[in-house]
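I have placed the structure first, in the form of structure tokens, so that the comments after it can refer back to it.
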Amino acid sequence: MKFQWIILAVALIAGLATRYLVDSHDVSVAEAQQSSGQLESGQETVDLFNTNDNRLRVVYFGFTHCPDVCPTSLAILGAALKAISQDELNKVWPVFITLDPERDTPEKSAQYAQYFHKDITGMTGTMEQTQLLAKKYGVLYMKTKQEDSALEYSVDHSSYFYLLKPDGTLLEKVPHTLNPNILVDAIDRNERLLNEKA
């Protein structure tokens, strides 16, 4: 009988220890996900998921050394921003997030984004933040070596515009397009949806 009590006590202690480890792991994962929104832009730390800022986020993931897809997509984003009214523009936060934090400093990302429209915020996170954000939104990317290039490597990546609520919830994903009106319609649709629920 005593032996059974000892086994029960050991099992209970093991269970509590396991639960503690799982809970502490969950907290660290939650903290990591929360901190993934704290990115650098130029000299500032910016919270992408700041719920006090109720603007619709329009986020594009790319990198500053991208030869074609990123400049085209950001030019389309810039054209879409120029096509909407100033009132609607005030309710939108366009964001460029680099997938290449090794080369793209916060200053470089901020400057690059400004080439396409003055309101686009260019952001750089740590490697871990970049991976967390990419996983959160299903962004596919991969570093590819370029043997005969001064750049050494490129970053192959999927090309979408992610329209997000202030808390980071995905509202809509718009694929790469050469028509800014498609993005204008998505911004208008989701901005209205966001305001209806506010």
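The values are calculated or read from the model by the stated rules, or taken from the named source; none is laboratory data. What you see is a predicted model, and the numbers here were worked out from it, not measured in a lab. As a convention, Cβ positions derive from the backbone with ideal geometry for all residues, glycine included, and neighbour counts pool all protein chains shown. Note: areas computed on protein heavy atoms with side chains; ligands, DNA, RNA excluded. Shrake-Rupley method; radii C 1.70, N 1.55, O 1.52, S 1.80 Å.
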### Query
Within region 30-43, can you find the residues that are open to solvent by 60 Å² or more (accessible area, probe 1.4 Å) and modelled with pLDDT under 95?
Glu31, Gln33, Gln34, Gln38, Gln43
### Task
Kindly state which strands (runs of 3 or more DSSP E) lie completely within region 141-198 and contain at least 1 residues that are surrounded by fewer than 18 Cβ atoms within 10 Å (Cβ to Cβ) and under 20 Å from the mean Cα position of the chain (by Cα).
141-145, 153-157, 170-175
### Query
If we keep just the residues of region 108-150 that are among the hydrophobic types (A, V, I, L, M, F, W, C) and touching a residue at least 60 places away in the same chain (Cβ under 8 Å), which is farthest from Thr169 (Cα to Cα)?
Ala110
### Top-ranked residue of region 83-107 - restricted to ones that are in a helix (DSSP H, G or I) and free of Cβ contacts under 8 Å to residues at least 60 places away in the same chain, ranked as most open to solvent (accessible area, probe 1.4 Å)
Gln86
### Message
So, Asp53, is that one free of Cβ contacts under 8 Å to residues at least 24 places away in the same chain and surrounded by fewer than 17 Cβ atoms within 10 Å (Cβ to Cβ) or not?
### Response
no
### Query
Looking at Glu44, Glu102, which one is out of contact with any Lys or Arg (no Cβ under 9 Å at 6 or more places or on another chain), over 19 Å from Thr177 (Cα atoms) and not basic (Lys, Arg)?
Glu44
### Task
Name every residue in region 58-78 that is open to solvent by less than 40 Å² (accessible area, probe 1.4 Å) and part of a helix (DSSP H, G or I), in order of residue number.
Cys70, Pro71, Ser73, Leu74, Ile76, Leu77, Gly78
### Task
Go through the residues of region 40-57 one by one and say whether even a single one is closer than 15 Å to Thr130 by Cβ, part of a strand (DSSP E or B), in contact with a helix residue (DSSP H, G or I) (Cβ under 7 Å, 6 or more places away or on another chain) and polar (S, T, N, Q).
yes
### Task
Mind counting the residues in region 122-140 that are part of a loop (DSSP other than H, G, I, E, B) and farther than 22 Å from Lys108 by Cβ?
2
### Message
Quick check on Asp119: is it part of a loop (DSSP other than H, G, I, E, B) and under 12 Å from Phe61 (Cβ atoms)?
### Response
no
